[in-house]
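Below is one structure; the comments refer to it alone.
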Amino acid sequence: MFFSSMMLSRKQLTWLTPLAGLGCIITLGQVIYLFFNDHVLCVNQGCGVVESLLRIPPIWFNGLGAIFFFILFILLLAARAAGDRPGPQVVLLRLLVLSGMVAEGILVGYQVFVVQTLCSYCLFICFILIVMNIVAGWRQFSLAVILFGTELILFSLLQFHNPVVFKDSFTLDNGTYGVKQCDKAQRQLYLLFSNNCPHCERVLELLSSCTRCEVRFNPVQQIDNKVLPDLVPADSWDPDINVLVLKMLGIETVPVLIEKGLMGCGLSGEKAL
């Protein structure tokens, strides 16, 4: 009786199977692309910002997504092979599709209310899961909407700023990875950049011959030492500070060059160029 209530029609299974296959192909393609490149394939720069905030390598994160959709695809094939005999694979299938929406609710909520920038790639994966829940029936879709909406509401009610960051001692120096000192430097600059930003590579190249500026390099994420081989990293530095500065300035892209001047504009005497 329980399995019968969870049953999916052959038409539903027919629609769900290619959707799961599409999700698997897209996420697996992203994994392959990351294997040969240092950044995700995306149509907007919001993906790079979101990627920089991951605690695990992006290739692992996308690999988990590929495994998730592959499991869905296998369960759908098993459900279609079972025909009119409902089984536990249908229950697991519904739970996984629903859990996918829960995960997307967390990711979308984080992007909207914390990072304040959206990843188009993530939104497309979210769209696939929304369609899958719709195809699975109105009860499934209603529950998915309730869970997704609840997560967004909770995110909107929470405060994500760390009050410790706003102490008087907070400056961009706390986010400096390394310093390129020049003889007779007349200006002090902070370069906020990402290790997978092609524009940043050009800026780094131009600054390599600097003789009148002291340049402080402030990545928005943990970086490989090979990115800046001529610099000795600081004993301690926090890339989250650099992300916070960009958020305070309302800037969503890098590189950003900030000059430390005598008179400030809200950032401890530092002004953005």
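If you take every residue apart from W237 with its C-beta less than 12 Å away from the C-beta of W237, what net charge results, scoring Lys and Arg +1 and Asp and Glu -1? If you can, show how the numbers build up before the last one.
On the way: positive: R216; negative: D173, D235, D238, D240.
That sum, taken over residues with Cβ under 12 Å, equals -3.
What FRET efficiency, computed as 1/(1 + (r/R0)^6) with R0 = 25 Å and r the Cβ-Cβ distance, is obtained for K11 and V145, rounded to the nearest 0.05? Mind dumping the intermediate values first?
Working: r = 22 Å, r/R0 = 0.88.
Efficiency, rounded to the nearest 0.05: 0.70.
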Of E252, E259, E51, how do they rank once you tally other Cβ atoms within 10 Å and put the fewest first?
-> E259, E252, E51
Karplus (6.51, -1.76, 1.60) ³J(HN,Hα), θ = phi - 60°, over segment 34-40, in Hz, Gly and Pro reported as x | 5, 5, 9, 9, 9, 8, 6
What residues qualify as long-range amide H neighbours of Y177, i.e. H under 5 Å apart, gap of 5 or more or another chain, H built at 1.01 Å from N?
-> F217, N218
Calculate, in nm to one decimal, what A82 and V179 gain on full extension: separation in residues at 0.36 nm each, minus their alpha carbon distance.
-> 28.5 nm
Determine the gain in length on full extension of the stretch F35-D224; use 0.36 nm per residue of separation and subtract their C-alpha separation, reporting nm with one decimal.
-> 66.5 nm
Could you run the Karplus curve 6.51 cos²θ - 1.76 cosθ + 1.60 with θ = phi - 60° over segment 123-136 and give me ³J(HN,Hα) per residue in whole Hz, x for Gly and Pro?
-> 5, 5, 4, 4, 4, 4, 5, 4, 4, 4, 5, 5, 4, 6
Given labels modelled 7 Å from the Cα in the Cβ direction, how far is it in nm from T171 to D238?
-> 1.6 nm
Return the FRET efficiency for the residue pair V112, R212: r is the Cβ-Cβ distance, R0 is 30 Å, and the value is rounded to the nearest 0.05.
-> 0.10
Computed on Cα atoms, Rg of segment 2-157 relative to 2.2 N^0.38 Å comes out at 1.09
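Quick one: if the Förster radius is 51 Å, what FRET efficiency do L92 and L257 give, using the C-beta to C-beta distance and rounding to 0.05? Present the calculation step by step, with values, prior to reporting the outcome.
Details: r = 52 Å, r/R0 = 1.02.
After rounding to 0.05, the efficiency reads 0.45.
Quick note: the coordinates plus some simple rules give every number you see, no bench work behind them. All values reported here derive from a predicted model rather than from experimental measurement. Positions of Cβ are backbone-derived with ideal geometry, glycine not excepted, and every protein chain shown enters the neighbour counts.
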